[in-house]
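Novice: Mind looking over this structure? Questions follow.
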Amino acid sequence: MIASSELAPSSGTARPGVVLLHGIARTSRSLSKLERALQDEGFATLNLDYASRKKPLEALAAEIHPRIAGFEKSFGGPIHFVAHSMGGLLARLYIASHRPARLARVVMLGTPNGGSEVADVLKRLSLYRAFYGPAGQQLSTDMAPALAPSPDYPVGVIAGCRTLDPIASTFILPRPNDGRVSVESSKLRGMTDHVIVGASHTRLPSHPAAIGQIVAFLRTGRFNSR
């Protein structure tokens, strides 16, 4: 079952909406601070939960489609996507398959667009496969880049450069990185803008600087100058 937290405007308004997609093994609660900030800025929100460890990304895109389609029909404004980690890959795949008619801008936080070297190392381990499921396999550097075509819509990518995992940060991931995804792997061919924030992977969605950059990109199509 998909649960969500949303603030939908009355029919006919042009108020902008944002679909929020969490990362693997997370829930919508991981984006609750970001959701409140976006609502305070005047955005309607759809903060989805989905079975991130149970299904491949293609099935997850189909699973979330009815709720996003309903959200789109509820108002007349543009629809943005803001996604953390694997949620960014899901957003790319969803848009390729079920592109909203009023799609506007997409912001990704710590998304392994080039794949995760950590997944490369761990994907053959039974514990990793059991915990992260089929979507966890799709995070590898040989699968993630080919999941969806390069975007023909505005995409802003936010990468973190702090880590709480010294082992992965030092021995597995190229530097700089956020402990899960390297700055280089966050980059996406065809992206509109890219910015680095001093936050770890899990902290990115709630980091004040990242939230400020998200709002800036949704408003203007560019991150604030650094």
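Novice: Quick check on Leu109: is it surrounded by 15 or more Cβ atoms within 10 Å (Cβ to Cβ) and in contact with a Gly (Cβ under 8 Å, 6 or more places away or on another chain)?
Specialist: yes
Residues checked against (1) closer than 25 Å to Arg189 by Cβ; (2) without any contact (Cβ under 8 Å) to a residue 40 or more places away in the chain:
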residue	(1), (2)
Ala37	no, no
Asp40	no, yes
Glu58	yes, yes
Phe71	no, no
Phe81	yes, no
Gly110	yes, no
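Novice: Of the residues that make up the stretch 82-89, is at least one assigned to a helix (DSSP H, G or I) and touching a helix residue (DSSP H, G or I) at 6+ places or on another chain (Cβ under 7 Å)?
Specialist: yes
Novice: For the stretch 193-208, how many residues are without any contact (Cβ under 8 Å) to a residue 60 or more places away in the chain and either part of a loop (DSSP other than H, G, I, E, B) or not acidic (Asp, Glu) (or both)?
Specialist: Count: 10.
Novice: For the stretch 85-99, which residues satisfy the criterion of being among the polar types (S, T, N, Q) and surrounded by fewer than 24 Cβ atoms within 10 Å (Cβ to Cβ)?
Specialist: Ser97
Novice: Scan (1) in contact (Cβ under 8 Å) with a residue 24 or more places away in the chain; (2) closer than 24 Å to Asp178 by Cα for the single condition Arg29 breaks and write down its number.
Specialist: Arg29 satisfies every listed condition except (1).
Novice: Identify the single condition in (1) modelled with pLDDT under 95; (2) of a type outside the set (A, V, I, L, M, F, W, C); (3) over 17 Å from the mean Cα position of the chain (by Cα); (4) in a loop (DSSP other than H, G, I, E, B) that Arg180 does not satisfy, given that it satisfies every other one.
Specialist: It is condition (3) that Arg180 fails.
Novice: Could you look through the stretch 119-158, keep only residues that are farther than 20 Å from Leu31 by Cβ and buried (at least 23 other Cβ atoms within 10 Å of the Cβ), and pick out the one that is modelled with the lowest pLDDT?
Specialist: The selected residue is Ala119.
Novice: Something else: Of these, Ile158, Ile214, which one is among the β-branched types (Val, Ile, Thr), closer than 14 Å to Gly110 by Cα and assigned to a strand (DSSP E or B)?
Specialist: When all the criteria are applied, what remains is Ile158.
Novice: Mind counting the residues in the stretch 1-25 that are under 14 Å from Leu90 (Cβ atoms), part of a loop (DSSP other than H, G, I, E, B) and either among the hydrophobic types (A, V, I, L, M, F, W, C) or at pLDDT below 95 (or both)?
Specialist: So the answer is 3.
Novice: Checking Ala62 against (1) buried (at least 24 other Cβ atoms within 10 Å of the Cβ); (2) of a type in the set (A, V, I, L, M); (3) out of contact with any strand residue (DSSP E or B) (no Cβ under 7 Å at 6 or more places or on another chain), which single condition isn't satisfied?
Specialist: Status for Ala62: all satisfied but (1).
Novice: Sticking with this structure for a sec: Within the group Gly42, Gly88, Gly70, which residue is under 25 Å from Ser150 (Cα atoms), among the small types (Gly, Ala, Ser) and at pLDDT 95 or above?
Specialist: Selected residue: Gly88, the only one of Gly42, Gly88, Gly70 that is under 25 Å from Ser150 (Cα atoms), among the small types (Gly, Ala, Ser) and at pLDDT 95 or above.
Novice: Additional query: Filter the stretch 96-149 down to the residues that are on the phi > 0 side of the Ramachandran plot and part of a helix (DSSP H, G or I) and list them by number.
Specialist: Gly133
Novice: Another question about this same structure. Taking only the stretch 43-64 into account, find how many residues are of a type outside the set (S, T, N, Q) and outside any loop (DSSP other than H, G, I, E, B).
Specialist: Count: 11.
The values are calculated or read from the model by the stated rules, or taken from the named source; none is laboratory data. What you are looking at is a predicted structure, and each value in this text was computed from that prediction instead of being measured. Please note: Cβ atoms are built from the backbone with ideal geometry, for glycine as well, and neighbour counts cover all protein chains shown.
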